[in-house]
Amino acid sequence: MRATMLDIDSRLRAATAVEQNETLASQRIFEILKRRGHPKAPAPTITDGWGGIDDAMLNVYGQVPEYGGRGRPPTLKRPGDGWLYLQMVKQHDDKGHFIGTKLKAIYGELSELTKLLGESTAYIERDNLTSRMFNARQNRKTLAFSKNLENHRAAAIWEDGYYNFVKPHKSLRLPAVDIPGRKWQQRTPMMAAGLTDHAWSVKELLTTIPIRC
């Protein structure tokens, strides 16, 4: 099972995890984010209605309250102040047909969440489609599925590298300024996030030594 954390503004795949099930993959995502720049609290998050994300947040970021000296000492982790997590739950009729969505605030106020995160998971849904088109191992009803977890992880790492560094995204392009003969300046997610100043070639991606973070 693969889980991906996508930055809405830059379309950057900020973290990806491949594990045996969705619960473990989600927990791994938050462990990566905690190490990469969100050490104290999870990033504001919007997902579909699957119910394991809040548990993953608690496992990675939750804290057991300090014992006040009365009653039994607390043992369960609790969410911190300022956590923001919104679910978009898909609704279906008796025949299984999609009829709409319902927003559910898990952490934070609904009005604050929708203002910050919007009311749709369309970007991540489109990213899932892009991922399946890039990586045959994730196609549905295919013989190209991964038989080994490490091979699946390796394919996901390569795919994310190409997606973030090499492939320009039409939704990220900007009007070209002082570039004769060009209407648009194409940008990759890494460029949109301010992490590089150019679209990489495949050769540059394959010959650059990555720093583990």
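Observations on the structure shown:
- Which listed residue, of G71, G49, is more than 25 Å from S120 (Cα to Cα), surrounded by fewer than 16 Cβ atoms within 10 Å (Cβ to Cβ) and of a type in the set (G, A, S): G71
- The listed residue being more than 16 Å from the chain's Cα centre (by Cα) and surrounded by 15 or more Cβ atoms within 10 Å (Cβ to Cβ), out of H92, H152: H152
- Top-ranked residue of the range 25-81 - restricted to ones that are of a type in the set (A, V, I, L, M) and in contact with an Asp or Glu (Cβ under 8 Å, 6 or more places away or on another chain), ranked as nearest to F98 (Cα to Cα): A25
- Long-range neighbours under 9 Å by Cβ, at least six apart or interchain, first residue free of Cβ contacts under 8 Å to residues at least 12 places away in the same chain within the range 154-167, second not in a helix (DSSP H, G or I): W158/N135
- One residue stands out in the range 52-68 among those that are of a type in the set (V, I, T) and buried (at least 17 other Cβ atoms within 10 Å of the Cβ): the one that is farthest from the chain's Cα centre (by Cα), namely V60.
- The numbered conditions (1) assigned to a loop (DSSP other than H, G, I, E, B); (2) touching a Leu at 6+ places or on another chain (Cβ under 9 Å) are all true for M190 except (1).
- In the set R36, R11, only one residue is closer than 29 Å to A192 by Cβ, buried (at least 18 other Cβ atoms within 10 Å of the Cβ) and within 17 Å of the chain's Cα centre (by Cα); that residue is R11.
- Test for R137: is it outside any strand (DSSP E or B), touching a His at 6+ places or on another chain (Cβ under 7 Å) and without any contact (Cβ under 8 Å) to a residue 24 or more places away in the chain: yes
For every residue, the table says whether it meets (1) in contact (Cβ under 8 Å) with a residue 40 or more places away in the chain; (2) more than 24 Å from E31 (Cα to Cα); (3) not charged (D, E, K, R).
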{"site": "G80", "(1), (2), (3)": "yes, no, yes"}
{"site": "Y85", "(1), (2), (3)": "yes, no, yes"}
{"site": "G96", "(1), (2), (3)": "no, yes, yes"}
{"site": "A105", "(1), (2), (3)": "no, no, yes"}
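- Qualifying helices (runs of 4 or more DSSP H) (wholly inside the range 1-119; at least 1 residues being at pLDDT below 90 and under 30 Å from R173 (Cα atoms)): 22-36
- Residue within the range 129-148 that is within 16 Å of the chain's Cα centre (by Cα), surrounded by 15 or more Cβ atoms within 10 Å (Cβ to Cβ), under 19 Å from A14 (Cα atoms) and not β-branched (V, I, T) present: yes
The values are calculated or read from the model by the stated rules, or taken from the named source; none is laboratory data. Remember, it's a predicted structure, so these values are computed and weren't measured experimentally. Every residue, glycine among them, receives a Cβ derived from its backbone with ideal geometry; neighbour counts consider all protein chains shown.
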